[in-house]
Each structure stands twice: as structure tokens, then as C-alpha cells.
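Asker: Sharing a structure with you now.
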């Protein structure tokens with residue numbers, strides 16, 4: 001794995017357990033929206049995306065979420081399994 005990581009990718013976001021597509025889509029949309037901010041590191045963008053799910057403050061990042069999905073996204077099942085592997089800067 002270490003050899004592959006040096007040659008194929010510099011960073012990966014992985015999930016420690018299965019998360020349904022709706023929750024993953026919201027988190028990744030929030031991640032990429034946060035990453036658009038000047039000076040934002042990848043690690044901080046992931047943190048901001050996770051905080052958006054926890055607090056329900058999607059509008060701050062410009063993400064729209066249906067009320068049916070939003071009522072569940074603050075649960076750790078949806079935001080906690082995502083980790084950043086590699087250089088998060």
C-alpha cells in the first residue's frame with residue numbers, strides 16, 4: 001500500500017464503514033465547496049464538511065439538502081467514518 005500511495009495518489013478520502021449514497025454525496029459536496037475557499041487545506045475542508053453535517057449548516061457552504069435527509073445527517077454514522085489518508089495540505 002505504501003509503495004502504491006507514493007506512485008499513484010497523494011491523498012485519498014476513505015470511509016471506515018458503509019455509508020449510504022445520500023449521506024456520502026452531501027459530505028463530498030460540502031468537502032468540495034469548502035475546498036474552493038482560498039487557503040483551505042484538504043484536511044480542513046473535510047473537517048468543515050463534517051461540521052456542516054453535525055450542525056446542519058449546509059447553507060454556509062452552499063449545499064442544498066432535502067429535509068428528509070437532513071434530519072439524519074447529524075448522526076455519527078453519516079459523518080464520522082470519513083478519513084483523509086496522505087498529505088492533507
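The values are calculated or read from the model by the stated rules, or taken from the named source; none is laboratory data. Quick caveat, the model's predicted, so the values are computed rather than measured. Reconstructed Cβ throughout: ideal geometry from the backbone, glycine too, with neighbour counts over all protein chains shown.
Asker: Going by the structure shown, is residue 1 over 10 Å from the mean Cα position of the chain (by Cα), modelled with pLDDT of 90 or more and farther than 21 Å from residue 75 by Cα?
Answerer: Here the answer is no, as residue 1 does not meet what is asked.
Asker: Failed condition for residue 25, given (1) touching a residue at least 24 places away in the same chain (Cβ under 8 Å); (2) in a helix (DSSP H, G or I), with all others met?
Answerer: (1)
Asker: Separate question: Test residue 32 against the criterion of being in a helix (DSSP H, G or I), exposed (fewer than 15 other Cβ atoms within 10 Å of the Cβ) and either in contact with a strand residue (DSSP E or B) (Cβ under 8 Å, 6 or more places away or on another chain) or modelled with pLDDT of 90 or more (or both), and give yes or no.
Answerer: Answer is yes for this residue.
Asker: Applying the selection to region 57-77, what residues are under 17 Å from residue 32 (Cα atoms) and either at pLDDT 95 or above or touching a helix residue (DSSP H, G or I) at 6+ places or on another chain (Cβ under 6 Å) (or both)?
Answerer: 58, 61, 62, 63, 65
Asker: Give me the pairs: first residue in region 67-89 and at negative phi and loosely packed, with under 13 Cβ neighbours inside 10 Å, second residue modelled with pLDDT of 90 or more and not in a helix (DSSP H, G or I), beta-carbon distance under 6 Å, and six or more apart or on different chains, which are they?
Answerer: 83/14; 89/41
Asker: I need the full set of residues from region 40-54 which are more than 13 Å from residue 83 (Cβ to Cβ) and in a helix (DSSP H, G or I), in order please.
Answerer: Result: 44, 45, 48, 51, 52, 53, 54.
Asker: So the check is Cβ under 7 Å with 6+ separation or different chains; which pairs have a first residue in region 3-18 that's on the phi < 0 side of the Ramachandran plot and part of a helix (DSSP H, G or I) and a second one that's surrounded by 10 or more Cβ atoms within 10 Å (Cβ to Cβ) and at pLDDT 55 or above?
Answerer: Between residues of region 3-18 that are on the phi < 0 side of the Ramachandran plot and part of a helix (DSSP H, G or I) and residues that are surrounded by 10 or more Cβ atoms within 10 Å (Cβ to Cβ) and at pLDDT 55 or above, the close pairs are 5/86.
Asker: Shifting gears a bit: List the number of the failed condition for residue 27; all other conditions in (1) over 14 Å from the mean Cα position of the chain (by Cα); (2) under 12 Å from residue 13 (Cα atoms) hold.
Answerer: Failed condition: (1).
Asker: Can you tell me which residues in region 35-49 are surrounded by fewer than 19 Cβ atoms within 10 Å (Cβ to Cβ) and either touching a helix residue (DSSP H, G or I) at 6+ places or on another chain (Cβ under 9 Å) or free of Cβ contacts under 8 Å to residues at least 24 places away in the same chain (or both)?
Answerer: Within region 35-49, 35, 36, 37, 38, 39, 40, 41, 42, 44, 47 qualify.
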